[in-house]
1. Could you work out the relative contact order of the chain, using alpha carbon pairs under 8 angstrom and six or more residues apart, expressed as a whole percent?
2. Quickly estimate the mean residue ellipticity at 222 nm for the chain, helices only: each DSSP H run with n ≥ 4 gives -39500 (n - 2.57), and the total goes over all residues, rounded to 500.
3. Can you give the Kirkwood hydrodynamic radius of region 126-195 from its Cα pairs, in Å with one decimal?
4. Could you give me the radius of gyration and the Dmax of region 1-154, taking only the C-alpha atoms into account and expressing both in angstrom?
Amino acid sequence: MITTNFSRYLHLWHGLIPELGFTVATLPIVLTSMAILVTGIAAGIGLVIVWLGIPVLVITLHTGRWFSALELRRLEAAGRPPISSPDWHPRPRRPGIAGGLRSILSDGRYWTRTLHGAVVNPMLGICTWSIVIVWLATALGGPTYWLWERWVQTDNSLPSATLALAGLIGIATLPVIVHAIVLVHNLVARKMLGE
């Protein structure tokens, strides 16, 4: 039993670098997707009255689909099993440009992916990125505090040994925390972006 748990723990260390890469890169990606998709939706809805909004919304929905595909590829690169994407063959539609635009605007799969990229993933990504960065700073800063404390003006009442212990605990638990965060992202992606 103990050997199995220890081997699982070592396996978490083996996957730490790709999972840490996933979590550290999350913030710029989710902020970019939120900015682009929220702007596109707002502009599209605002311009619907002059018919310019419909193509803007269609472009925004395609961009949301692109960001969802990026999230799925990032999760695979972090070592998670592939999430099957829905079949994107066009559904039956009315002929002409208006029929094509209407089929995209009425397809819930596009809207779900855009909602994921504009609202859900940014909220989740900001929270999880913050947790990982604080954990990483504690893990790296705690044990080395004695080295750089003389250059920091602080009224820190904690002894260096306490900070070093907190850092060692941070190092020991870092792969568990990072893995759990990637699992949360994977669960949300599986529910919103999978078939």
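Read the figures in this text as sums done on the coordinates, not as results from a lab. Not measured: the values here are computed from a predicted model.
1. Values: 197 pairs, mean separation 60.2, N = 195.
Rounded, it is 31 percent for the chain.
2. Estimated from H runs of four or more residues: -25500 deg cm²/dmol.
3. On the way: mean 1/r = 0.0726 Å⁻¹.
For region 126-195, inverting the mean 1/r across all distinct Cα pairs yields 13.8 Å.
4. Answer for region 1-154, Rg first and Dmax second: 21.7, 73 Å.
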